[in-house]
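Structure first, commentary second.
Each value in this text was obtained by applying a stated rule to the coordinates, not by laboratory testing. None of these values were measured; they are calculated from a predicted model. Positions of Cβ are generated from backbone atoms using ideal geometry, with glycine treated the same way; all protein chains shown enter the neighbour counts.
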Amino acid sequence: DTGVSQDPRHKITKRGQNVTFRCDPISEHNRLYWYRQTLGQGPEFLTYFQNEAQLEKSRLLSDRFSAERPKGSFSTLEIQRTEQGDSAMYLCASSPPPGGVIYEQFFGPGTRLTVL
Amino acid sequence: AQSVTQLDSQVPVFEEAPVELRCNYSSSVSVYLFWYVQYPNQGLQLLLKYLSGSTLVESINGFEAEFNKSQTSFHLRKPSVHISDTAEYFCAVSEVRGFNKFYFGSGTKLNVKP
């Protein structure tokens, strides 16, 4: 049984560079979420996919951020022109369609981004 | 919009002592309530959830939480903690109607001392 996986686990980049993170949800889960967690805070919602459709984006997701889920399976989160304020843990979660384990989200281990 | 407040950022406690981690929420709509636990260097794991029915919910490792609608609280308790319970605990809510977006509190670090 494989859970939600994220790659890479750690990323160090210089300010101004672009970075891309990948999330592989649990295979039968059609719902996928991205959250961001900064030091001392709880996760904050970034965006939500149902299958391949991106149905909601938080105002936290500036125009430098873009997320995709092209075939309704894995998802990518790209940050362009990174800033030091982007340093955080980026979490991916998935959940099954209605009728599955009710409303539980399964979280991946996260990608820790450090922008120098 | 929903908001979650965890009143204590850190809770130190001795092993075998009881503990309560407090969670209050604010919402204009009906919500589901969750507690997640994050052990060092691990991802978030569901500890317990309240969806409906009995207001007291329990986890498999001895934690329990009680939903109090009038006080908009969902405090987490354990009568006797173990060293292995040392972790960060997050309270979260999601709207009953919607796609299950979570709103998290800022977390409480439980430090169990021998």
Original post:
Where does the range A:4-62 land on Rg/Rh, using Cα atoms and the Kirkwood Rh?
Top reply: 0.98
Original post:
Using 7 Å Cα-to-Cβ label points, what is the residue B:51/residue B:14 separation (nm, one decimal)?
Top reply: 4.1 nm
**OP:** Considering the options B:47, B:71, B:110, tell which one lies farthest towards the positive end of the dipole of chain B, charges being +1 on Lys and Arg and -1 on Asp and Glu at the Cβ, about the Cα centre.
**Re:** B:71
Subject >> Dipole in debye (nearest 20) - the protein assembly as shown, about Cα centre, beta carbon charges: Lys, Arg +1; Asp, Glu -1 >> reply: 660 debye
Original post:
So what's the convex hull volume per residue for the Cα atoms of chain A, in Å³?
Top reply: 99 Å³
Subject >> For residue A:55, net neighbour charge (Lys/Arg +1, Asp/Glu -1) across residues whose Cβ lies under 12 Å away >> reply: +2
**OP:** Please report, in whole Å, how far the alpha carbons of the protein assembly as shown spread along each principal axis, starting with the longest.
**Re:** 49, 39, 36
Subject >> Compactness index (Cα Rg / 2.2 N^0.38 Å), the range A:58-116 >> reply: 1.34
**OP:** Report the residue, chosen from A:57, A:11, A:71, that carries the largest GNM mean-square fluctuation when chain A is represented by alpha-carbon nodes joined by springs under 10 Å.
**Re:** A:71
Subject >> Net length gained if the chain between residue A:13 and residue A:64 were fully extended (0.36 nm per residue, minus Cα distance) >> reply: 16.8 nm
Original post:
Between residue A:53 and residue B:68, what is the label-to-label distance in nm when each label sits 7 Å out along the Cα-to-Cβ direction?
Top reply: 4.1 nm
Original post:
Quick one: Cα centre-to-centre distance for the range B:71-109 and the range B:14-59, in angstrom?
Top reply: 3 Å
**OP:** For the range A:11-116, state which GluC sites (Glu not before Pro) are in a DSSP loop and have at most 10 other beta carbons lying within 10 Å of their beta carbon.
**Re:** A:28
Original post:
Which GluC sites (Glu not before Pro) does the range B:7-37 hold that lie in a coil by DSSP with at most 16 other beta carbons within 10 Å?
Top reply: B:15, B:16
Subject >> lysines whose Cα lies under 18 Å from that of residue B:113, excluding same-chain neighbours fewer than 8 positions away >> reply: B:78
Original post:
For a label point 7 angstrom out from the Cα of residue A:116 toward its Cβ, which stretches of the range A:1-43 have the backbone nitrogen within less than 14 Å?
Top reply: A:11-17
Subject >> Exposure proxy order (Cβ contacts within 10 Å, fewest to most) of B:54, A:62 >> reply: B:54, A:62
Original post:
Looking only at trypsin sites (Lys or Arg not before Pro) in DSSP loops with at most 11 other Cβ atoms within 10 Å, what is the longest site-free stretch of chain B?
Top reply: B:1-68
**OP:** Treating cross-link reach as a plain straight distance, find the lysines whose alpha-carbon is under 17 Å from the alpha-carbon of residue A:57, omitting any fewer than eight places away in the same chain.
**Re:** B:101
Original post:
How far, in nm, would the chain grow between residue B:41 and residue B:26 when pulled straight, counting 0.36 nm per residue and subtracting the alpha carbon separation?
Top reply: 2.4 nm
Original post:
Each residue of the range B:97-114 in turn: what ³J(HN,Hα) in whole Hz from Karplus with 6.51, -1.76, 1.60 and θ = phi - 60°, glycine and Pro shown as x?
Top reply: 9, x, 9, 6, 5, 9, 10, 9, x, 7, x, 10, 8, 9, 10, 8, 9, x
